[in-house]
Amino acid sequence: MKLREIKSVFTNGLRLPRFLSKQKPEQKLTPKPLIVNISPERKVLRYVGRLMRLYSALSKGQETPEIQAEIRKLRLFVEAEGFLVSNEAEAVALYKLLEGA
Amino acid sequence: MSTTFNLYDQWRDTVADPARAAAVAGTLKLAIVKATYTLDQNLHDFFDDLVAASNEVVGTGYTAGGNACASPTWTGPDGAGLMTFDAADPATWTQNGAGFSNGRRAILYYDTGTATTSRLVGFSNDFGADLGNLAADFSVAFNAAGIYTSPR
């Protein structure tokens, strides 16, 4: 490492020498609030959101019996609340509708 | 009631390293702890840091270690580049007169069956009051938008 590069670290800290810049990639993970004792209204939104993502997982080839079973369970719950959701597009549309309600 | 969910720094560190992230094993679970748990967001990495024997709630209807959160999945990126980590909600803790009444935080972790290898993922803020299944059913649900997201 050249003296000039060392100086850049210890004087202004703005430019990292190459070996120091090989850090882990920047990650932005944004946790979402948990819901304690969820209300029935929020439960529908939660289940439609989950359904939306599971359909998305299916469309990307992440199909497992566990995911299929969870989709069936969520669809039944959502149907019991009066909503029919049979694919990702319908789930996205309903989610947006409920989110804005 | 909505409560802020946070990630342990050691979990963020694990996820940032593809080799270690791929090695994460176990069943995703949500446990409930009492106010006696002294949180360390920066250093706590495994379930043994919780000292569950003294800090986890105890009561009928609550199984030590908490309830499983089935089929954890990463989905996306969507059109805006957003990826989402989500799982099924843990089963409700059914009301029981001999249940627990002193739950103050929810802890998400991967249970390997051994506390020293069960990686902590995240924790809720203090509920602000003692909660449990003593007087009524007690449930914790993940957000409609998922457990956590990774934007572009």
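Brief remarks on what is shown
- For segment B:111-125, the criterion of being in a loop (DSSP other than H, G, I, E, B) and within 11 Å of chain A (Cβ to nearest Cβ) is satisfied by at least one residue.
- Candidates B:ASN125, B:ASN96, B:ASN133 - the one that is open to solvent by 10 Å² or more (accessible area, probe 1.4 Å) and either over 13 Å from the mean Cα position of the chain (by Cα) or without any contact (Cβ under 8 Å) to a residue 24 or more places away in the chain (or both): B:ASN96
- Residues that are under 15 Å from the mean Cα position of the chain (by Cα) and farther than 18 Å from B:ASP126 by Cα, drawn from segment B:48-68: B:ASP48, B:TYR62, B:THR63, B:ALA64, B:GLY65, B:ASN67, B:ALA68
- Residue in segment B:126-145 that is at pLDDT 95 or above, within 18 Å of B:ARG12 (Cα to Cα) and part of a strand (DSSP E or B) present: no
- Residues within segment B:77-88 that are touching a residue at least 12 places away in the same chain (Cβ under 8 Å), out of contact with any Lys or Arg (no Cβ under 8 Å at 6 or more places or on another chain) and either open to solvent by 20 Å² or more (accessible area, probe 1.4 Å) or not in a loop (DSSP other than H, G, I, E, B) (or both), tallied: 2
- Residue that is among the basic types (Lys, Arg) and modelled with pLDDT of 95 or more, where the choices are A:ARG4, A:ARG42, A:ARG46: A:ARG46
- Answer residue from segment B:52-72, given it is in contact with a helix residue (DSSP H, G or I) (Cβ under 9 Å, 6 or more places away or on another chain) and open to solvent by 20 Å² or more (accessible area, probe 1.4 Å) and is nearest to A:GLU66 (Cα to Cα) among those: B:ALA70
- Subset of segment A:26-55 that is outside any helix (DSSP H, G or I) and of a type in the set (Lys, Arg) - its residue that is most open to solvent (accessible area, probe 1.4 Å): A:LYS28
- No other residue among A:VAL36, A:VAL92, A:VAL85, A:VAL48 is more than 7 Å from chain B (Cβ to nearest Cβ) and within 17 Å of B:ASP89 (Cα to Cα) apart from A:VAL48.
- B:ALA145 fulfils the conditions (1) touching a residue at least 24 places away in the same chain (Cβ under 8 Å); (2) more than 9 Å from chain A (Cβ to nearest Cβ); (3) open to solvent by 10 Å² or more (accessible area, probe 1.4 Å) except for a single criterion, (2).
The rows are residues; the columns are (1) at pLDDT below 95; (2) assigned to a strand (DSSP E or B); (3) of a type in the set (S, T, N, Q); (4) under 28 Å from A:ARG46 (Cβ atoms).
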position: B:ALA31; (1), (2), (3), (4): no, yes, no, yes
position: B:GLN41; (1), (2), (3), (4): no, no, yes, yes
position: B:GLY61; (1), (2), (3), (4): no, no, no, yes
position: B:ALA64; (1), (2), (3), (4): no, no, no, yes
position: B:SER71; (1), (2), (3), (4): yes, no, yes, yes
position: B:PRO90; (1), (2), (3), (4): no, no, no, yes
position: B:GLY97; (1), (2), (3), (4): no, no, no, no
position: B:ALA106; (1), (2), (3), (4): no, yes, no, yes
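- The set of residues in segment A:56-69 being open to solvent by less than 50 Å² (accessible area, probe 1.4 Å), more than 16 Å from B:LEU82 (Cβ to Cβ) and facing chain B (nearest Cβ under 9 Å) consists of A:ILE67, A:ALA69.
- Number of positions in segment B:5-22 that are over 18 Å from A:LYS32 (Cα atoms) and open to solvent by less than 30 Å² (accessible area, probe 1.4 Å): 2
The values are calculated or read from the model by the stated rules, or taken from the named source; none is laboratory data. Note that this is a predicted model, so its numbers are computed, not measured. In this analysis, Cβ positions are derived from the backbone assuming ideal geometry, glycine residues included, and neighbour counts consider all displayed protein chains. With ligands, DNA and RNA removed, areas are computed over all heavy atoms of the protein, side chains included. Shrake-Rupley method; radii C 1.70, N 1.55, O 1.52, S 1.80 Å.
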